[in-house]
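Notes for the one structure printed next.
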Amino acid sequence: MNNLWRVSATEVKNSWGRVVQRVLQRHEPALVESRGVATVVILPAAEYERLVAVQEFEKRKQQQLALLDQAERLAKETAQRHNDQLLPDSSEIILELREERDGELLGVR
């Protein structure tokens, strides 16, 4: 945050329009300080939306990784319960079921 434009809360209060105009024109945030302490950041709405999107993406990514870990753990537990036999690939099972269904619909089987 060292390279941000630092502006006092008093200046923001007294010159809100000028502060917003500078943030929008330069496409850079303003760090608002109160008594020398950083309190808030003013940034363009598009930048905020980008940050939220990145945050949501990371959250979904973590959720997906947790689900993958859980699926891997369940697969290992299942393999152990079945004496470490390799279980058929789920995509192969789905393909077989679809072929069976298609055969029934077409009256082949």
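The values are calculated or read from the model by the stated rules, or taken from the named source; none is laboratory data. Source: prediction; values computed, not measured. With ideal geometry, Cβ positions are generated from the backbone for all residues, glycine too; neighbour counts draw on all protein chains shown.
Points to keep in mind about this one:
- Of note, Gln21 does not satisfy the criterion of being loosely packed, with under 11 Cβ neighbours inside 10 Å, of a type outside the set (A, V, I, L, M, F, W, C) and assigned to a helix (DSSP H, G or I).
- For beta carbons closer than 8 Å, sequence separation of 6+ or different chains, a first residue in the stretch 5-16 that is without any contact (Cβ under 8 Å) to a residue 60 or more places away in the chain and a second that is surrounded by 13 or more Cβ atoms within 10 Å (Cβ to Cβ) and of a type in the set (Asp, Glu), the qualifying pairs are Trp5/Glu28; Arg6/Glu33; Val7/Glu33; Ser8/Glu33; Ala9/Glu33.
- Condition check for Glu56: assigned to a helix (DSSP H, G or I) and under 23 Å from the mean Cα position of the chain (by Cα): yes
- Taken as a whole, the structure leaves Ala66 outside the set of residues that are surrounded by 10 or more Cβ atoms within 10 Å (Cβ to Cβ), touching a residue at least 12 places away in the same chain (Cβ under 8 Å) and in a helix (DSSP H, G or I).
- Scan of the stretch 53-78 for residues that are of a type in the set (Gly, Ala, Ser) and either touching a Leu at 6+ places or on another chain (Cβ under 9 Å) or not assigned by TED's automatic domain parsing to the domain that holds Asp89 (or both), ordered by number: Ala75
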